[in-house]
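The structure appears right after this line, and notes come after that.
The values are calculated or read from the model by the stated rules, or taken from the named source; none is laboratory data. Source: prediction; values computed, not measured. Positions of Cβ are generated from backbone atoms using ideal geometry, with glycine treated the same way; all protein chains shown enter the neighbour counts. Side chains are part of the model used for accessible areas, which takes the heavy atoms of the whole protein and leaves out ligands, DNA and RNA. Shrake-Rupley method; radii C 1.70, N 1.55, O 1.52, S 1.80 Å.
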Amino acid sequence: MGEYWQYISCFYLHFFAAMIFIKEGVLNIPATLAALAALGMGWVSAYPLFFAAKSELKFQGLQYTVFNANSKNIHFVSEVDFQSKTCRWDECTFCLAYSAGSVDGYYYELKGYLFKEDGSTKDSFSFDDYHYMISNNDNTRQMMIKDLSARFEYVRRFMQEGPDSVEAVTETLDLKPSLSEAAHRFQPRSEASEGKKFHVIYSIVRTVFLIPFSVQVVGHYFFCRYCRLPEWPQSVIDECGKDIFPKR
């Protein structure tokens with residue numbers, strides 16, 4: 001979350017510099033110096049983020065987990081070295097965990113852990129989407145626990161009772177989205193049947209949140225299109241079928 005606000009502040013600094021140039025022009029010396037100072041501050045803010053983004057795209061890449069109900073194998077991308085690995089369902093310890101990428105502690109996710117004989121962590125992986133708590137009170141915490149517990153129950157039933165015990169998941173991640181499709185992921189498009197009044201309100205809200213959401217939208221767009229995809233052994237592909245793995 002801290003990096004998100006760093007992106008926002010960087011964006012506004014560059015936006016502020018551009019507005020000064022547009023309104024005052026380059027002949028206004030004080031305004032030009034102020035714009036150059038804003039550009040410099042924006043670059044200082046953005047410089048470390050470029051390296052973090054490059055690491056996330058090319059080193060960490062796309063992390064996901066494949067559960068095979070027939071073989072009882074779990075194929076995952078390790079959080080330790082970001083390599084594709086396989087373990088048995090009964091080898092894992094599952095829990096609701098705090099997301100380390102969150103600064104304010106409101107993000108939680110489902111995680112699987114593999115332990116060594118001495119009790120230390122051997123490996124770990126995340127699966128499913130995170131849950132964001134809008135506040136840190138008892139009610140929202142209970143909602144988080146209920147939500148993630150229900151998601152894990154779906155996985156448990158799938159693995160222990162078979163695919164026929166749960167509804168099939170049909171939605172998949174598009175790894176070649178357009179900017180419009182990336183925007184709709186964060187601000188879903190309203191339906192035509194919802195009426196003209198709803199569309200007007202929706203358009204106003206979408207415009208207000210355009211700048212904060214643009215950081216997420218552009219990030220999602222580039223990540224899906226250019227991130228490193230895990231390489232799976234042929235034995236894993238033969239076991240699960242090649243269509244099960246995300247591809248461009």
All-but-one check, residue 170 against (1) outside any loop (DSSP other than H, G, I, E, B); (2) without any contact (Cβ under 8 Å) to a residue 24 or more places away in the chain; (3) among the polar types (S, T, N, Q), failing number (1)
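Can you list the strands (runs of 3 or more DSSP E) lying wholly within segment 82-150 that have 1 or more residues being within 23 Å of residue 59 (Cα to Cα), touching a residue at least 40 places away in the same chain (Cβ under 8 Å) and open to solvent by less than 90 Å² (accessible area, probe 1.4 Å)?
Working: elements: 84-88, 93-98, 107-115, 121-132.
It comes to 84-88, 107-115, 121-132.
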Taking segment 164-223 only, how many residues are open to solvent by less than 60 Å² (accessible area, probe 1.4 Å), at pLDDT 75 or above and hydrophobic (A, V, I, L, M, F, W, C)?
-> 5
Residue 40: passes all of (1) modelled with pLDDT under 90; (2) farther than 30 Å from residue 172 by Cα; (3) open to solvent by 40 Å² or more (accessible area, probe 1.4 Å) but (3)
Go through segment 66-81 and give me each residue that's touching a residue at least 12 places away in the same chain (Cβ under 8 Å), within 24 Å of residue 222 (Cα to Cα) and either open to solvent by 30 Å² or more (accessible area, probe 1.4 Å) or charged (D, E, K, R) (or both).
-> 79, 80
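Could you tell me whether residue 230 is modelled with pLDDT under 75 and either under 19 Å from residue 63 (Cα atoms) or not hydrophobic (A, V, I, L, M, F, W, C) (or both)?
Working: modelled with pLDDT under 75: no; either under 19 Å from residue 63 (Cα atoms) or not hydrophobic (A, V, I, L, M, F, W, C) (or both): yes.
The answer is no for residue 230.
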